[in-house]
Amino acid sequence: MFYSVKEDFLHYLWRMKKLHPNDLVTTDGLSVSVIDYGTYNVDSGPDFFNAKIELDNTVWAGNIEMHVFTSDWTKHGHSRDRAYDNVILHVVYEHDKSVQEDPVLAKIPVLELKGKIPRSLLDSYLTLMQSMDEIPCQRLIKNVDPAKIELWKHALMIDRLLQKANQTAAILYHENNDWEETFYILLARYFGSKVNTDPFGMLAMSLPWRIIQKNRDKSLSIEALVYGQAGMLDAGYTDNYFVQLREEYRFLRQKYELKPINPVSWKFSKMRPVNFPTVRLAQFAAVIQQSTGLFSKILKAEKTEDLRQILRAEPHSYWDNHYRFGKESPVLHKAISNDFIDLLIINTIAPILCLYGKTIDDEQYADKAIHWIESLKAENNHIVQLWKSAGVKVKTAFDSQSLIHLKTKYCDDFKCLQCKIGHEIMRDSD
Ligand code: SF4
């Protein structure tokens, strides 16, 4: 065997009671009868607390510790740690050395599991752990009941939303619980996509929402504030629009005592021109200019179409034939695409709505966020393609989001023993 089992597999076998009672015999030949498997402990200390076993007609109550090798006990220094004083059974995969060398260890009965794990269960485990596929269970998942996958997807979606909501909570805390300011920063960060998230975030933090509100009756002022704070108006371009922006920003900068961010933060390389930060800033300026209270409008929205109305905005016509300042390009209208609006709904609106519901203890907001995600079509990316080729249904954004979460938080780290699909695969091999 090239791959040895890991300790979490031993925990799994014990937690799920997968070992055959006849196989439970210590290395000293005493039969072990488990009365209580104990409570699984994921923190420091023994792996299972308060177990109860019968060893050769004597009942023992205490803790259980597990290792791949018996010698791991000594390696981990457990003999010197009082937390392990009450260990009544040492469960190991392989009994690799004489326990006599460690007098503490010598007193603890050892249960060796090598050769006692049901063959098909071990095979399924090793198939998953040794898989070279990007999704380790890619060839096994077709045997899993789709209803079980659906249930698991629901739990994953909630987990993903809560995780994003927690990230949003950090911004909310920083912004003194101002929901409008928080949503404005969140929106800005998402307009930056992966590459320009930070400069977009810094820009929004350097340009308070109240200043946007005070100037929103004049689109040129908002555009000047956005490009000026982005540090993009110091160049010497002479076209009319650029000169107007620069003049307007000079005035507003002085009025509000603003300090622009460093323009070197912006990244343009390896990017399609339609995603250049200059274009995204134009779209962002258009969205924030058209509405007084974006967040309060979102709270009132009922359908995703209401959200699309809030986020649909026309950038300045200058960008119809520009991707950057001072350089003309073939005409292409740069309105925000429906696909990008959907991503904004998934990644900014749904999480903040969830956080809001959690804050005021009202579940209907999380339900609404999930309902909106269910009504959007699935994203199309490499991870989605992998799931589709494994035969998993991916129709809505709910499907794609939950499966992206599964791939990045479980499959990539081989956390199959913590995954409901992994449990089903192992169950089928009992
Ligand atoms: S974590 Fe779950 S879905 Fe991912 S490979 Fe393992 S069993 Fe399959």
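Can you say whether Glu374 is in contact with a Ser or Thr (Cβ under 8 Å, 6 or more places away or on another chain), closer than 30 Å to Tyr184 by Cβ and acidic (Asp, Glu), as far as the supplied structure shows? Considered against the rule, which asks whether it is in contact with a Ser or Thr (Cβ under 8 Å, 6 or more places away or on another chain), closer than 30 Å to Tyr184 by Cβ and acidic (Asp, Glu), Glu374 comes out as yes. For Leu245, the stated conditions do not hold, so it cannot be described as farther than 21 Å from Lys327 by Cα, crowded, with 17+ Cβ neighbours inside 10 Å and not acidic (Asp, Glu).
What pairs come up if the first residue lies in segment 213-240 and is farther than 18 Å from Val264 by Cβ, the second is acidic (Asp, Glu), and their beta carbons are under 7 Å apart, counting only those six or more places apart or on different chains? Here the result reads Leu220/Glu248; Ser221/Glu248; Ala224/Glu248, each pair linking segment 213-240 to a residue that is acidic (Asp, Glu). When the criteria are applied in full, Gln213 fails the requirement of being in contact with a helix residue (DSSP H, G or I) (Cβ under 6 Å, 6 or more places away or on another chain) and either at pLDDT 95 or above or more than 16 Å from Arg324 (Cα to Cα) (or both).
Consider Asp43 carefully, then state whether it is among the acidic types (Asp, Glu) and in a loop (DSSP other than H, G, I, E, B). Answer is yes for this residue.
His333 - would you say it is farther than 26 Å from Phe276 by Cα and either touching a residue at least 12 places away in the same chain (Cβ under 8 Å) or not assigned by TED's automatic domain parsing to the domain that holds Met232 (or both)?
Values: farther than 26 Å from Phe276 by Cα: no; either touching a residue at least 12 places away in the same chain (Cβ under 8 Å) or not assigned by TED's automatic domain parsing to the domain that holds Met232 (or both): yes.
For His333, the condition - farther than 26 Å from Phe276 by Cα and either touching a residue at least 12 places away in the same chain (Cβ under 8 Å) or not assigned by TED's automatic domain parsing to the domain that holds Met232 (or both) - is not met.
Looking at Ile64, is it closer than 30 Å to Lys409 by Cβ, among the β-branched types (Val, Ile, Thr) and not assigned by TED's automatic domain parsing to the domain that holds Asn41? So Ile64 does not fit the description; no. The criterion of at least 2 residues that are more than 16 Å from the ligand (Cβ to nearest atom) is met by the following helices (runs of 4 or more DSSP H) wholly inside segment 325-430: 338-344, 350-359, 364-375, 397-409. In this entry, Thr58 is excluded by the filter for residues that are surrounded by 13 or more Cβ atoms within 10 Å (Cβ to Cβ) and either of a type in the set (Ser, Thr, Tyr) or at positive phi (or both). Within segment 109-148, the set of residues being free of Cβ contacts under 8 Å to residues at least 60 places away in the same chain and among the small types (Gly, Ala, Ser) comprises Gly115, Ser131, Ala147. Confirm whether Ala106 is of a type in the set (A, V, I, L, M), over 24 Å from Cys416 (Cβ atoms) and without any contact (Cβ under 8 Å) to a residue 12 or more places away in the chain. So Ala106 fits the description; yes.
The values are calculated or read from the model by the stated rules, or taken from the named source; none is laboratory data. What you see is a predicted model, and the numbers here were worked out from it, not measured in a lab. All Cβ positions, glycine included, derive from the backbone under ideal geometry; neighbour counts span all protein chains shown.
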